[in-house]
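Encoded as structure tokens, the structure appears first; notes follow it.
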Amino acid sequence: MGIENDLLLRTIAKEKVERPPIWLMRQAGRILPEYRAIRQSLSGFIELVTTPHLAAEVTVQPVDILGVDAAIIFSDILVIPEAMGLPYELIEKKGPYFPETISSASQIENLLQGEKAAERLTYVYDALTHTKRLLGNRVPLIGFSGAPWTLFSYMLEGQGSKTFSKAKAFLYKEPKLAHILLDKITETIIAYLRLKIQSGVDVVQVFDSWAGLLNESLYKEFCIPYLRRIRESITDVPVIIFSKGAYFAMEDIINLSPDVIGIDWTLSAAAFRSDHGHDMVAQGNLDPCVLYGHPEHITRQVTDTINDFGGRHIFNLGHGVYPDTPLDNVKHLINQVQSYRY
Ligand code: CP3
């Protein structure tokens, strides 16, 4: 059965479309009062992520309430370390925290990997099945994973960090062990994405949120080979690669031939088109802080962004929407994009 609003899929297939589709990273979350209501009734974020019917409900909220052109499954990238044997917590107002972090060969040895690890995440696949039922065939459903380096950085660092210097130090001090761990993470990501595809996702996005902390040579050695393996293993659905801040590695990322390349606001649409991806489908890249400004300013930025990409464009922010963003401005953004015509 076809999807009623297939604008996202037609854009990815490089068909001629009437306007760019729009969805927002972190669209399911604290910007919505309906999300906060469900979240408040629970012990915490992890209970929401691990309760399939509730995860499905909040996944569909932005489709019902905001009218976005795609749903993204409500979950977190950190479920993969957990499935490999390294559980996380989410500390209110602080973010992710790992009671145990990786520092030795024996710990890496003991981690589960591949299907054995991915099969433990039944709550995610169940949430996808529930979501498909709630969504009907309204819009495509996006599944996602963290990229190997971004997951590695949490497993070493144990929490968010401005520098991720523990994780980066490991690349310099223990390159062989780093490769062994990245390999195990990669095998798990592939098994996990395959199970998500079997559960009905139409597109997958790989989030390399901390790519921008590296440089070209580290990215070439510790990221690109693993992203290539993921890219080549996923052939059933389109793949979006979002390496935040990694414009130094843009050519290498383009050479992976992702179906879509995600970009943040530090690379302008015009520069991306002229220097790199002339005909690639691009996703992005409005600065989420634009949404704190006046609606007239948002309108102008929407028009400029769409014009600068000049087609083959999925409208999104350059990173997740911040939780305290005025909801009316989010709605205004979506309306502006959806009333645009090429
Ligand atoms: O995009 C979506 O709407 C789908 C849901 C989603 C979440 N996390 C929900 C979430 C996705 C795609 C993620 C991915 C994720 N998680 C990334 C990659 C994307 C990015 O932002 O770069 C990263 C780095 C994480 C790790 C993570 N999880 C952090 C840093 C935090 C705390 C940040 C915060 O806002 O408090 C989380 C928790 C988290 N994941 C929340 C949500 C809605 C907030 C939890 C809550 O209090 O409700």
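The values are calculated or read from the model by the stated rules, or taken from the named source; none is laboratory data. This structure is a prediction, so every number in the text was calculated from the model and none was measured. Counting neighbours? That spans all protein chains shown, and the Cβs are built from the backbone with ideal geometry, glycine included. Please note that ligands, DNA and RNA were not included when accessible areas were found on the heavy atoms of the full protein model with its side chains. Shrake-Rupley method; radii C 1.70, N 1.55, O 1.52, S 1.80 Å.
Descriptive notes on the structure:
- Using the Karplus relation 6.51 cos²θ - 1.76 cosθ + 1.60 with θ = phi - 60°, the per-residue 3J(HN,Hα) values for the range 8-23 come to 4, 5, 5, 5, 5, 6, 6, 7, 6, 10, 7, 7, x, x, 9, 9 Hz, with x marking Gly and Pro.
- If you take the Cα centroid of the range 259-282 and the Cα centroid of the range 78-143, the two points sit 30 Å apart.
- Distance between the 7 Å Cα→Cβ label points at residue 271 and residue 104: 4.5 nm.
- The range 203-264 shape via C-alpha gyration tensor axes, a/c threshold 1.5: prolate
- For the chain, the longest principal axis of the C-alpha atoms and the axis of helix 224-233 are separated by about 70°.
- For a label point 7 Å along the Cα-to-beta-carbon line of residue 236, residues of the range 1-40 with backbone N under 18 Å: 1-3
- Accessible surface of the range 243-342 [probe 1.4 Å, protein heavy atoms]: carbon and sulfur percent: 47
- With all pairs of separate Cα atoms included, the chain yields a Kirkwood hydrodynamic radius of 20.3 Å.
- Environment charge at residue 98 (Cβ cut-off 12 Å; Lys +1, Arg +1, Asp -1, Glu -1): -3
- Only the Cβ atoms of Lys and Arg (+1) and of Asp and Glu (-1) were treated as charged; on that basis the dipole of the chain about its Cα centre amounts to roughly 80 debye.
- In loop segments of the range 1-66 as defined by DSSP, the GluC sites (Glu not before Pro) with at most 12 further C-beta atoms inside 10 Å of their C-beta are 4, 15, 18.
- Here residue 168 is the anchor, and the lysines within straight C-alpha reach of less than 20 Å, apart from those fewer than 8 places off in the same chain, are 176, 184, 220, 244.
- Per residue, the range 77-138 exposes an accessible area of 53 Å² to a 1.4 Å probe, with every protein chain left in place.
- For residue 205, the residues whose modelled amide H falls within less than 5 Å of its own, excluding neighbours fewer than 5 places apart on the same chain, are 143, 144, 145, 240.
- Ligands, DNA and RNA excluded, the heavy atoms of residue 179 present near 50 Å² of accessible surface to a 1.4 Å solvent probe.
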